[in-house]
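Student: The structure that follows is given in the form of structure tokens.
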């Protein structure tokens, strides 16, 4: 019995050992499988997200190509707001003509661009309504078209504005004039959060404002000004900053263009002509081509190369008799009449050979009128001269071959003519501002 019991006991222990061994490896297998499943699961998540990001990277350019670039074009004023009044045309009509012309050129050449107009007819819109159109269309770019005006008929030239603090009275005056349309609205102070377009204090807000679109806006504005000079042969008043409400409330790069002065008879004739309106529209379009190309490069979209318009042919006419000035014609002739001394005090002097030596002069102002040498406009200065360029008589003072000497003269007359600037000629050829700067060095 004892032996039997022992045998049974040993058999039972042996069986226990076999079960323990099987359980051990079964547990190890499932433990191994479970651990590796966790590893595979983690790696699968990484793999899944990796494939998603790769796919996104591959499809984003296609998505970008399929998304249209949106530009909003705003013809300033309209309806019962005529803007500046000229003797031939109202500003609102001039702005609309150039805007529609510009939009048509963009639509013809860019199939991937959506052009939105704030107005296509003689319609009144508030400044906020114009900005709302920009934001509701998620615009990539906003271009406002305006025409300048001045109390002086001699003011001329094109300029472009971006949003910012007006650092000069002239810039502030332009902003105040364009913002004054707010006054046509009822309860404008509550609508525009207390902003008063006639109060200098209201414009202080722009000093503390940071516009994240300023770099792109400045790039476009600079290109527009270059095209006005190179394509249209217009006078460049530069890129400026001022507090325009419509730019402030638009969430994209934006530029406000002043085509020229409707108060200047010569510029008004040019801007009111079909030729002038077409050329100004094409100049802005050329700048848009550069902007769009740069946008496509940076966004990863397909770059569409579109040809720019070639510059208009510049006609040159020389005045042969200094004491018999030629008749002043409108700028649409695109004439640049080579400068010749016409001062009666100097007309009998022997002119030295200046074909190789640069001659520096100070440009005082420009006007459509031919002034007498003792005119009050010269504020006591004698021996002034003038030359005709783009249909305007441009009056100068002084003539020096050394830049330091003409700079000294300019400082002496600065109190009388604060806006006077230095120009230069080699022979009968007027030099560009860039060339003058090089000579200064």
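Student: Tally up the residues in the stretch 400-425 that are crowded, with 18+ Cβ neighbours inside 10 Å and in a strand (DSSP E or B), please.
Tutor: 5
Student: Let me ask you something else. Could you say whether any residue in the stretch 116-138 is assigned by TED's automatic domain parsing to the domain that holds residue 244 and within 15 Å of residue 258 (Cβ to Cβ)?
Tutor: So the first thing to find is which residues in the stretch 116-138 are assigned by TED's automatic domain parsing to the domain that holds residue 244, and the list is 116-138.
Add one more test, that the residue is within 15 Å of residue 258 (Cβ to Cβ), and what stays is none.
Looking through the stretch 116-138, none of the residues is assigned by TED's automatic domain parsing to the domain that holds residue 244 and within 15 Å of residue 258 (Cβ to Cβ).
Student: What pairs come out if I take residues in the stretch 277-294 that are buried (at least 22 other Cβ atoms within 10 Å of the Cβ) and pair them with residues that are part of a helix (DSSP H, G or I) and at pLDDT below 95 whose C-beta lies under 6 Å away, six or more apart or interchain?
Tutor: Nothing qualifies.
Student: A follow-up question, please. Taking residue 96, is it crowded, with 16+ Cβ neighbours inside 10 Å, assigned by TED's automatic domain parsing to the domain that holds residue 274 and within 18 Å of the chain's Cα centre (by Cα)? Quick ask: steps written out before the conclusion?
Tutor: On the way: crowded, with 16+ Cβ neighbours inside 10 Å: yes; assigned by TED's automatic domain parsing to the domain that holds residue 274: yes; within 18 Å of the chain's Cα centre (by Cα): no.
When the stated conditions are applied, residue 96 does not pass them.
Student: Can I ask one more? Which residue is surrounded by the most Cβ atoms within 10 Å (Cβ to Cβ), if the candidates are limited to the stretch 154-172 and must be in a loop (DSSP other than H, G, I, E, B) and modelled with pLDDT of 90 or more? Even if it seems obvious, please write down each step before you answer.
Tutor: Of the residues in the stretch 154-172, the ones in a loop (DSSP other than H, G, I, E, B) are 154-157, 164-168.
Among the residues that remain, those that are also modelled with pLDDT of 90 or more are: 155-157.
On the way: 155: 19, 156: 27, 157: 22.
Applying the filter and picking the extreme gives 156.
Student: Pick from 358, 339, 331: which is at pLDDT below 80, surrounded by 15 or more Cβ atoms within 10 Å (Cβ to Cβ) and in contact with a helix residue (DSSP H, G or I) (Cβ under 7 Å, 6 or more places away or on another chain)?
Tutor: Working: 358 fails: at pLDDT below 80; 339 fails: in contact with a helix residue (DSSP H, G or I) (Cβ under 7 Å, 6 or more places away or on another chain).
Answer to the selection: 331.
The values are calculated or read from the model by the stated rules, or taken from the named source; none is laboratory data. The structure displayed is predicted, hence computed values, not measured ones. All Cβ positions, glycine included, derive from the backbone under ideal geometry; neighbour counts span all protein chains shown.
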